Structures are given as structure tokens and as C-alpha cells.
1. Quick check on segment 61-186: take the gyration tensor over C-alpha atoms, sort the square-rooted eigenvalues as a ≥ b ≥ c, and tell me if it's rounded (a/c under 1.5), prolate or oblate.
2. With respect to the cross-link table entries Lys65/Lys159; Lys65/Lys176; Lys65/Lys187; Lys142/Lys187; Lys138/Lys176, which display a Cα-Cα separation exceeding 18 Å?
3. Rounded to the nearest 0.05, what FRET efficiency is calculated for Ala175 and Glu85 with R0 set to 35 Å and r the Cβ-Cβ distance?
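Derivation of every value follows stated rules applied to the coordinates shown; laboratory data play no part. What you are looking at is a predicted structure, and each value in this text was computed from that prediction instead of being measured. Cβ sites come from the backbone with ideal geometry, for glycine too, and all protein chains shown count toward neighbours.
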Amino acid sequence: MQNERPMNTGARKLHGKFPSLTDTRVPRRLFLQFMGYNHLLSYACPVLAAPMLEMTEPEVIRTQKLANGVRFQDVVEGDGPEAQEGDLVEVNYVCRRSNGYFVHSTVDQFSGESMPVVLPLDENQIIKGLKDVLVGMKVGGKRRALIPPSVGYINENLKPIPDEFGPRRSLFSHAKEPLVFEVQLLKVL
């Protein structure tokens, strides 16, 4: 009786109901040896192995590259009318540097309030790279584009330009590097 371990109340209740369940200790070395040979056991008898989950193909967003170096992805496929060259379009956008740092947006990140801009799809009034991204896009669609500086803000009169001084200064200070635009087409006017 001195060598017996004291049983807690839960173990006593179980021992009374199920006498075959006794608290037996397995030596650590035996347990580790079994765990070491477990993979061999599962190889020899695959029924004992863990079931394999069915693999599904991940959804991949394809990137398209235009001849002028613009790369874009259709994040959301639109279902409305398609924008053509020469149209006026209403868009929301977020502009970032290629390293991900924020430059400007028409959507307030805290309140979610948007102030869409109306842009003409004419390369004399809008940056050429953004025009190329918007032409062929359908209303309701969303695209992410990497626009190289050669088809970006080549002069300070090209739209879209932020109204506020700080974002405008930030945008033009990074005009000589690639910019990432995330554009959502709201309307074709």
C-alpha cells in the first residue's frame, strides 16, 4: 500500500466504473522508441497513417504586361459597360510607391468615405499608364497596376493629381519611380 500512488477523485470514479482502466505508466524510453518507429509502422500499414487531405488548386491572379512596361492584374472582374478610349470615367484609386508606402487615395482609410475623381481617357490629360489600365475595364471592376515612370507623371499637369498640398508634393517627389495604382471603375460617363 505504501508503493501505490494516490488517486485523484476523477481517477477513483473511473476506476470504480471501469475496472479495466487502470493508470499504468509507460516508460519514457519505450514511448519514444515507439514514436521513432511510428513512421515505419504507418508506411507498412497505411490504414494506421493519418488521412491525406484533398489538395485543391489555389486561385492565381494572372498578371498581364503591356508593351510599354505597365503590368496589371484584374482583382475583381467588372460586369458593367466597358471603358473605351476618349470616355469620361469615374474612379476610386489608391496610389502607392512600389515598396508599398502610401502616397494618395480617393478613399479615406479611417471612415471609408470616398471622393471619386472623374478622368478623361485621353493620354494628353491623364498619365498614359493609367489610361492603358482603364481602357477595356468594365464598370464594377478593380485592377492593380504597376506603372513605370516612363508612362507615369512625365509632367505635373497630368491627372490624377491630389488637391491637398502634402499628398501632391509626396506624389511628385516620387514621380521618377514606379507607382502602384489600385483602381476601381465606378461609372463610364
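1. rounded
2. Cα-Cα > 18 Å for Lys65/Lys159; Lys65/Lys176; Lys65/Lys187; Lys138/Lys176; rest within.
3. Efficiency, rounded to the nearest 0.05: 0.90.
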